[in-house]
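This report refers to the structure that appears directly beneath it.
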Amino acid sequence: MSQMQLQPDDPIRPLDWLKAIPFEPAAWSDRLGWVGLEAASCRAGPAFECTPSVPSHHRLVLFTRPPEELDLRYEGAKRNVPPPAGSISLIPAGSPARVRSSGCKDELHIWLESGLVARVATEAFDLDPARLTVPPLDGLNLPHLRAAMGAVDAELTAGAAGGRLAAEWLANVMAVHVIRHILAPRRPARRPDGALPRGRLRAVAEYIEDHLDDGLSLEKMAAVARLSTYHFAHQFKRATGLPPYQYVIMRRVERAQQLLRNGDLSLAEIAARAGFSDQSVFCRHFKRLVGVTPGRFRMHTRIA
């Protein structure tokens with residue numbers, strides 16, 4: 001069994017944990033520029049033991065296929081048998097953790113920024129973040145949280161097709177589910193947000209159109225709507241039927257359609273002008289939403 005050493009006293013950044021395992025993850029969010037979270041998908045791999053480390057972020061582990069053997073210890077939690085498939089463990093920021101694992105596995109590790117969780121506690125639940133304690137949790141069976149984590153895994157697999165906006169949205173969604181579980185049943189459910197008022201929606205839509213090829217973020221769009229990030233995201237979805245990042249992708253594809261109809265730009269140039277990170281991401285979203293590739297779409301419009 002390989003044993004990797006980290007300095008136990010210093011908080012480690014999320015993806016520094018990857019230096020403590022003797023194999024390379026199937027996918028991880030290094031260099032994706034995500035906001036609010038980092039993630040790594042681990043499949044198979046040799047047996048290993050990781051000495052205590054202090055995470056700077058809250059760490060969620062989804063055991064899609066648990067390892068054959070697992071000894072997991074962190075403050076307030078101790079597990080010496082593999083958890084059920086589909087269960088989730090939460091290791092709070094600042095809590096040293098030791099793990100010994102062997103056998104084939106399929107795990108998703110997600111690190112949520114503690115500051116983001118504190119902000120969501122304030123915006124979504126009217127809590128004083130200084131009084132919110134994120135406890136160690138083990139063996140959670142939370143379908144909504146599992147679905148959000150699965151969406152992060154899908155983003156990793158697709159090479160972050162949804163971009164920074166998708167990561168921001170999913171980080172907020174997971175923070176809500178974590179806090180809701182911590183508070184239940186001590187706190188009654190809050191009344192859901194209404195839809196974004198028409199005037200504010202128009203202002204945000206105009207801002208998106210003017211900045212499709214820029215680095216759009218939830219924070220910037222929320223500022224235009226004069227709302228917190230959390231309330232903006234939920235009110236925008238109620239008004240449009242889409243999360244902000246999916247709406248932005250739709251508008252980028254529609255702009256690309258206009259460019260394909262009206263000129264002879266290369267697909268790489270169109271991808272850049274429509275705001276996509278690269279041509280392959282552009283082509284993937286275009287075919288998903290339009291049903292044909294950009295090249296075939298251009299050919300059909302010229303024939304017509």
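The values are calculated or read from the model by the stated rules, or taken from the named source; none is laboratory data. Just so it is clear, the model here is predicted, and its values are computed rather than measured. Counting neighbours? That spans all protein chains shown, and the Cβs are built from the backbone with ideal geometry, glycine included. For the accessible areas, the whole protein counts, side chains as well, though only heavy atoms, and no ligand, DNA or RNA atoms are used. Shrake-Rupley method; radii C 1.70, N 1.55, O 1.52, S 1.80 Å.
Data overview
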read-out	value
Residues of segment 267-304 satisfying the condition of being more than 26 Å from GLU155 (Cβ to Cβ) and buried (at least 16 other Cβ atoms within 10 Å of the Cβ)	ARG298
Residue satisfying all of: in segment 82-116; in contact with a Ser or Thr (Cβ under 6 Å, 6 or more places away or on another chain) and surrounded by fewer than 20 Cβ atoms within 10 Å (Cβ to Cβ); nearest to VAL35 (Cα to Cα) among these	ALA93
Among residues of segment 90-103, those that are out of contact with any Pro (no Cβ under 7 Å at 6 or more places or on another chain) and within 19 Å of ARG180 (Cβ to Cβ), counted	0
Qualifying position, being surrounded by 15 or more Cβ atoms within 10 Å (Cβ to Cβ), farther than 20 Å from ASN172 by Cβ and either at pLDDT 90 or above or not polar (S, T, N, Q) (or both), among ARG79, ARG131, ARG119	ARG79
Filtered residue count, segment 100-141, keeping only those that are under 21 Å from PRO67 (Cβ atoms) and of a type in the set (A, V, I, L, M, F, W, C)	6
Unique residue being without any contact (Cβ under 8 Å) to a residue 60 or more places away in the chain and within 30 Å of ALA97 (Cβ to Cβ) when the list is GLY162, GLY139, GLY115, GLY199	GLY115
Of all residues making up segment 138-149, the number that are at pLDDT 90 or above and buried (at least 16 other Cβ atoms within 10 Å of the Cβ)	6
Residue ID - most open to solvent (accessible area, probe 1.4 Å), chosen from residues in segment 162-175 that are touching a Ser or Thr at 6+ places or on another chain (Cβ under 9 Å) and not acidic (Asp, Glu)	ARG164
Matching helices (runs of 4 or more DSSP H) fully within segment 187-266 where at least 3 residues are buried (at least 18 other Cβ atoms within 10 Å of the Cβ) and aromatic (Phe, Trp, Tyr)	229-240
